[in-house]
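What follows is one structure encoded as structure tokens, with my remarks underneath.
Each reported figure results from applying straightforward, stated rules to the coordinates on display, with no laboratory input. For clarity, every value in this text was computed on a predicted model and none was experimentally measured. Methodologically, a virtual Cβ is constructed for each residue, glycine included, from the backbone with ideal geometry; neighbour enumeration extends over all protein chains shown.
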Amino acid sequence: MYLRHLQVGGAQRLRVAQQALPALEQLIEQGYVRRLHGLLGPVVALGPLGFALLGLPNRPLTLSSATDQVALREAVQIALARGYVVFEVSSRAVRLKDAAQREHLLYVRVSRGLPSPATVRLLIKAHASTFRRSGGTLILYTLQQEKYARQLSARRDLQVWVAVQ
């Protein structure tokens, strides 16, 4: 497993990483990677020596950023498993296409709390023309689905996927 791909979160994910890379604890002790604890459980991210080894600027990764990166990676893996194709990626959103060529916006928000229903409405409004033209939806990847139950029942252009903790 390459150090560049060692971005995992959650207790189960951490166990998988430890099995795949038995020297994980040693890499943590040496400063190549570090273990942070956040909303998704333990998150493993590059440490100062890991950044130096890869020739990347030594910019410490915050717990919030590491958590969102793990959540974004998992959301994309779920989307790919469900048959979506990724065609554009930004820091917190991914544009997807399904088999019927409908465009969907996968919005990941985990570390900074749940987006308010008003924020969800604004996101849908901002992308309404794309959703109308292609029949797509806003897919919200977050920690709780219950907060959006009312919007889910009233809107056809919203899906909520729940992050694994």
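For the reader, a short list of remarks on this structure follows.
- The one condition in (1) over 21 Å from Leu138 (Cα atoms); (2) in a strand (DSSP E or B); (3) of a type in the set (Asp, Glu) that Glu29 fails to fulfil: (2)
- Within segment 117-162, the set of residues being more than 18 Å from the chain's Cα centre (by Cα) and either in contact (Cβ under 8 Å) with a residue 60 or more places away in the chain or assigned to a loop (DSSP other than H, G, I, E, B) (or both) comprises His127, Gly135, Gly136, Arg155, Arg156, Asp157.
- Condition check for Tyr84: under 24 Å from Gly38 (Cα atoms), of a type in the set (Phe, Trp, Tyr) and out of contact with any Cys (no Cβ under 7 Å at 6 or more places or on another chain): no
- In summary, Glu103 fulfils each of the numbered conditions (1) over 21 Å from Glu146 (Cα atoms); (2) in contact with a helix residue (DSSP H, G or I) (Cβ under 7 Å, 6 or more places away or on another chain); (3) in contact (Cβ under 8 Å) with a residue 60 or more places away in the chain with the single exception of condition (3).
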